[in-house]
There are 2 protein chains.
Amino acid sequence: MLAVAVEEAQAGLAEGGIPIGAALFAADGTLLGRGHNRRVQDDDPSMHAETSAFRAAGRQRDYRSTIMVTTLSPCWYCSGLVRQFGIGTVVIGEARTFHGGHDWLAEHGVAIHLVDDDRCAAMMTDFIAANPALWNEDIGEAE
Amino acid sequence: MLAVAVEEAQAGLAEGGIPIGAALFAADGTLLGRGHNRRVQDDDPSMHAETSAFRAAGRQRDYRSTIMVTTLSPCWYCSGLVRQFGIGTVVIGEARTFHGGHDWLAEHGVAIHLVDDDRCAAMMTDFIAANPALWNEDIGEAE
């Protein structure tokens, strides 16, 4: 499932965007929605990878058995999304380059699977080194 | 400033949507963006009032001096937005009909102003009584 999120991150990078991808799956592995960060492409600060995938999945009545897969540890915004909608499981590519709210989610009963994937970490390490101001903007770090 | 958020909530209600409105202001009172819940209107579960106002404000480099005004206590999704982007102040119409993450935000240094406005509370009380399933969908409460 992480491969879909990585494809999304790569698509975002190819578009000149921030390379973070995500996908929401049903418990049986059915893809419900996929997306990537769209800050640069759409000038839209509200579309992080996870919110983009959540949006693409459309209105769902019950998220408890769904699985959010993301290339990067979810920030507080995306962690809040997971908690509010009761998404049951989060699969995370890596948390080396950014440590978001996944410990908080685990405390609140969300099943967290941290893959610690080298490709995901390398993609973000390279991106942050080349675009520090853009990255800080995306996570709300003031200059 | 709450009047702008109430106008947004009323506009959402008139469109057949969930009556929650929000607006993001600069410290000097300049309106940066306004919006309302768009779940019904756009079939979009990602557009809560606060995320809609945040989106409408476009890309901002520093949110510390901004003020998010919302008719209702922000859910975890919207509270996560406030925390991640470092929005400094949140003005809340009411928290009687829904108690979201504003205590958590206060613990993390966000200035919280709870107006406890009767109009806001009445609007949501009436809406929830008439549309319980839709309301539960919007806050991720499974049946």
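The values are calculated or read from the model by the stated rules, or taken from the named source; none is laboratory data. The structure presented is a predicted model; accordingly, all values stated were derived computationally and were not measured. Don't worry about glycine lacking a Cβ; one is built from the backbone with ideal geometry, like all the others, and counts go over all protein chains shown. Surface areas here come from the heavy atoms of the whole protein model, side chains and all, with no ligands, DNA or RNA. Shrake-Rupley method; radii C 1.70, N 1.55, O 1.52, S 1.80 Å.
Pairing chain B with chain A buries about 3300 Å² of accessible area. This figure sums both sides and uses a 1.4 Å probe. Peptide A:80-93 is shielded by partner chain Cβ atoms: per residue, an average of 5 of them sit within 10 Å of its Cβ. Ranked by the mean number of other Cβ atoms within 10 Å of their residues, highest first, the peptides B:28-40, A:101-113 come out as B:28-40, A:101-113. Shielding value for B:12-19 is 0, the average number of Cβ atoms from other chains within 10 Å of each residue's Cβ.
For the residues of B:42-54, the average number of beta carbons from a partner chain within 10 Å of their own beta carbon is 4.
The fraction of accessible area contributed by carbon and sulfur in the stretch A:10-143 is 49 percent, rounded to a whole number (1.4 Å probe; ligands and nucleic acids excluded). Could you tell me which of rounded, prolate or oblate describes the stretch A:1-58, using a ≥ b ≥ c as the square roots of the eigenvalues of the alpha-carbon gyration tensor, with rounded for a/c under 1.5 and, failing that, prolate when a/b is larger than b/c and oblate otherwise? In terms of gyration-tensor shape, oblate. Calculated accessible area for the protein assembly as shown comes out at 37 Å² per residue, all protein chains present (probe 1.4 Å; ligands, DNA, RNA ignored). Other residues lying with their Cβ under 13 Å from the Cβ of A:F85 contribute a combined charge of +1, Lys and Arg counting +1, Asp and Glu -1.
From its DSSP helices (H runs of at least four residues, each -39,500 (n - 2.57)), chain A gives a residue-normalised ellipticity at 222 nm of -12000 deg cm²/dmol.
Cα-Cα pairs above 18 Å in the stretch B:59-121: how many percent? When all Cα pairs of the stretch B:59-121 are counted, 27 percent exceed 18 Å.
With N as its number of residues, the protein assembly as shown has a Cα radius of gyration that, divided by 2.2 N^0.38 Å, comes to 0.95.
Kirkwood radius for chain B, taken over all pairs of different Cα atoms as the inverse mean of 1/r, rounds to 14.6 Å.
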